[in-house]
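Following: one structure in structure tokens, then a few remarks.
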Amino acid sequence: MIVGHQKPIEEIKKMVKPYNKLLILGCGTCVKTCFAGGEDETAALASALRMAFKMDGVAMEINEQTVERQCENEFIQEAAKKIGENDAVLSLACGAGVQAMAKRFPKAPIYPGLNTTFMGIQESHGVFTEECLGCGNCGLGIFGAICPITRCSKKLLNGPCGGSQNGICEVDPSIECGWQQIIDRLKALGQLDNLRTYIPPKNWKTSHSGGPRKLVREDHII
Amino acid sequence: MENTTKAKITLFHCINAFTEKKSLSTDRVDVKIIKMPCSGMVTEVFLLKAFEAGADAVSIFVCPEGACRYTEGNIRAGKRMAKTRSVLDEIGVGGKRLTMHQVKPAEGANAEQIIAGILEELKALGPNPAA
């Protein structure tokens, strides 16, 4: 899922202050799961902003709605009526959702309420970790399904660096060494020989380094 | 707060921690009571909405540590209080207006003392600036 967290309220206030009627639009999938942009967070932010603007003497009507997903037109459509009734939209979706809204509603000012952080998983309740960089050429099959591009701070492809100590990365003691995890898992799977395969320097052309990416599925286009 | 103004307090409580036998409202304070099956049901939205509705202070009565029927409801309530306090500080309402107290069911009189303590705090904090 896409993981994000809410921007500071002061930053949000600066963006939306010029408007009289604001719609806070939540997104009920990824950012709901990471407690950043679902229905509850939308209601909480709306309440906090109403109080903050009231104290500033700014008269602003703040409305709320949450759609299932802001990255798909079918779901965005549900918000069309409310978007038309408001001067601007504060989207609590990830960056993709915010931009999908902007494409679908070209005349509506759309602002981001979250900072999109990474693609990841919920490691445990309330703990989210980055697991995929979206490099466009997945090598998880060789590395025991643990990504060295994402989980190794240095993105090393042919084994750990000398800075790994007791399974901890030298970059930050809160980071587990991705290569230690790869080796432990391959050992457990009896696939340690995978590491004899030399991995050549990665061609980053398939990643964002090659520019904005696009996937076209001709079999689904009429 | 000035003596002429009647303070407003919203009290969320776990039904296992506290049973309202008589009103906690007096000529100095209106206490709005919201009972819940467990204090762990308190969320940031409920607490913020209470302030938005005009409460000068909001308090959560939870079961004592280790006594939650659902094991960790009072711990969750504490975490949510801390998060909501930071939001209240961020927007300028003031996090000190939100408090949590451990209460035993038999301590009805204690509730009155807690309300009296909150009223004392409100003397310094003043009325809710967002009301």
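Couple of notes before you dig in:
- Qualifying residue in region A:182-196 (condition: in contact with an Asp or Glu (Cβ under 9 Å, 6 or more places away or on another chain) and either part of a loop (DSSP other than H, G, I, E, B) or in the same structural domain as A:Cys147 (by TED's automatic domain parsing) (or both)): yes
- Condition met for A:Ala79 (touching a strand residue (DSSP E or B) at 6+ places or on another chain (Cβ under 7 Å), without any contact (Cβ under 8 Å) to a residue 12 or more places away in the chain and over 23 Å from B:Gly94 (Cα atoms)): no
- Restricting attention to region B:13-34, the residues that are surrounded by fewer than 23 Cβ atoms within 10 Å (Cβ to Cβ) and within 22 Å of B:Glu52 (Cβ to Cβ) add up to 8.
- Single match in A:Gly120, A:Gly84 (criterion: surrounded by fewer than 16 Cβ atoms within 10 Å (Cβ to Cβ) and of a type in the set (Gly, Ala, Ser)): A:Gly84
Residue-wise test of (1) among the polar types (S, T, N, Q); (2) within 22 Å of the chain's Cα centre (by Cα).
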residue: A:Ile83; (1), (2): no, no
residue: A:Ala88; (1), (2): no, no
residue: A:His125; (1), (2): no, yes
residue: A:Asn137; (1), (2): yes, yes
residue: A:Leu140; (1), (2): no, yes
residue: A:Val171; (1), (2): no, no
residue: A:Asp184; (1), (2): no, no
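- Residue ranges of strands (runs of 3 or more DSSP E) in region A:32-121 with at least 2 members within 13 Å of chain B (Cβ to nearest Cβ) and under 27 Å from B:Asn128 (Cα atoms): A:61-67
- Residue within region A:47-59 that is in contact (Cβ under 8 Å) with a residue 24 or more places away in the chain, assigned by TED's automatic domain parsing to the domain that holds A:Asn86 and closer than 18 Å to A:Gly126 by Cβ present: no
- Screening region B:27-62 for residues that are of a type in the set (A, V, I, L, M, F, W, C), closer than 21 Å to B:Glu120 by Cα and touching a Lys or Arg at 6+ places or on another chain (Cβ under 6 Å) and picking the one that is nearest to the other protein chains (Cβ to nearest Cβ) gives B:Ala55.
- Taking the criterion of being of a type outside the set (Ser, Thr, Tyr) and within 16 Å of A:Cys138 (Cα to Cα), the residues of region A:196-209 that qualify are A:Ile199, A:Pro200, A:Pro201, A:Lys202, A:Asn203, A:Trp204, A:Lys205, A:His208.
- Candidates A:Ile175, A:Ile222, filtered to the one that is touching a Cys at 6+ places or on another chain (Cβ under 7 Å) and surrounded by fewer than 18 Cβ atoms within 10 Å (Cβ to Cβ): A:Ile175
Every residue, every condition in (1) among the charged types (D, E, K, R); (2) out of contact with any Phe, Trp or Tyr (no Cβ under 6 Å at 6 or more places or on another chain); (3) modelled with pLDDT of 95 or more, yes or no:
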| position | (1), (2), (3) |
| --- | --- |
| A:Glu74 | yes, yes, no |
| A:Lys82 | yes, yes, yes |
| A:Ser91 | no, yes, yes |
| A:Lys103 | yes, yes, yes |
| A:Ala108 | no, yes, yes |
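- Region A:69-116, residues that are under 19 Å from A:Phe35 (Cα atoms) and of a type in the set (A, V, I, L, M): A:Leu90, A:Leu92, A:Ala93, A:Ala96, A:Val98, A:Leu114
- Every test in (1) in a helix (DSSP H, G or I); (2) at pLDDT 95 or above is passed by A:Gly134 save one, and that test is (1).
- If you go through region B:81-131 and keep only what is within 14 Å of chain A (Cβ to nearest Cβ), touching a strand residue (DSSP E or B) at 6+ places or on another chain (Cβ under 8 Å) and charged (D, E, K, R), you end up with B:Arg85, B:Arg97.
The values are calculated or read from the model by the stated rules, or taken from the named source; none is laboratory data. Keep in mind that this is a model prediction, so the values were computed, not measured. Note that we place each Cβ from the backbone using ideal geometry, even for glycine, and neighbour counts take in every protein chain shown.
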